[in-house]
1. Report, to the nearest 10°, how far helix 73-92 tilts away from the longest principal axis of the Cα atoms in the chain, using its own Cα long axis and a range of 0 to 90°.
2. Could you work out what % of the accessible surface of the chain is carbon and sulfur, using a 1.4 angstrom probe and leaving DNA, RNA and ligands out of the count?
3. With no solvent and one point per C-alpha, what does the Debye sum give as log10 I(q)/I(0) for region 1-52 at q = 0.15, 0.22 Å⁻¹?
4. Going by Cα centres, region 14-35 and region 42-66 are how many Å apart?
5. Take the chain, connect every pair of alpha-carbon atoms lying under 10 Å apart with a spring to form a Gaussian network, then pick out the residue of Asn47, Asn39, Asn11 with the largest mean-square fluctuation.
6. Hey, got the dipole for the chain? About the Cα centre, +1 on K and R Cβ, -1 on D and E Cβ, debye to the nearest 20?
7. What distance in nm separates the simple spin-label points at Gln81 and Arg64, each placed 7 Å from Cα in the Cβ direction?
8. Relative contact order for the chain using alpha-carbon pairs under 8 Å, separation at least 6, rounded to a whole percent?
Amino acid sequence: MKIYISIDNENRLLGWGSTCSSESDIEIEVHEDHEVLRNPFIFKYENDELIKDTEYQQQLIRKREEIENQPTLEERIQIMQKALDDLLLGGME
């Protein structure tokens with residue numbers, strides 16, 4: 001399967017397409033079930049090869065988990081409201 005990839009200045013993939021969208025796109029052949037089609041951002045293009053950057057993939061997973069584990073806006077408001085209530089009630093004793 002022929003695809004066109006775009007890369008940044010560190011040779012990390014920014015995305016891919018089935019048609020060329022820029023003069024800087026690189027044409028490559030990949031198998032129809034290649035992981036790059038599902039998750040291009042964990043690949044680098046070096047020496048005319050796609051290289052899976054598993055360390056970078058783990059960094060992305062950790063970042064996503066950090067974001068997902070943050071309290072929601074509603075939870076943060078509740079935390080702030082409780083802290084404010086505790087502060088106000090503590091000052092009245």
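The values are calculated or read from the model by the stated rules, or taken from the named source; none is laboratory data. The model shown is predicted, which means the values in this text are computed figures rather than measured ones. FYI the Cβ positions are ideal-geometry reconstructions off the backbone, even for glycines, and counts take in every protein chain you see. These area figures cover heavy atoms from the full protein model, side chains too; ligands, DNA and RNA do not enter into them. Shrake-Rupley method; radii C 1.70, N 1.55, O 1.52, S 1.80 Å.
1. 20
2. 50
3. Log10 I(q)/I(0), no solvent term: -0.32, -0.73.
4. Computed from Cα coordinates, the inter-centre distance equals 17 Å.
5. Asn47
6. Dipole magnitude for the chain comes out near 180 debye.
7. So the two model labels end up 3.3 nm from each other.
8. 21
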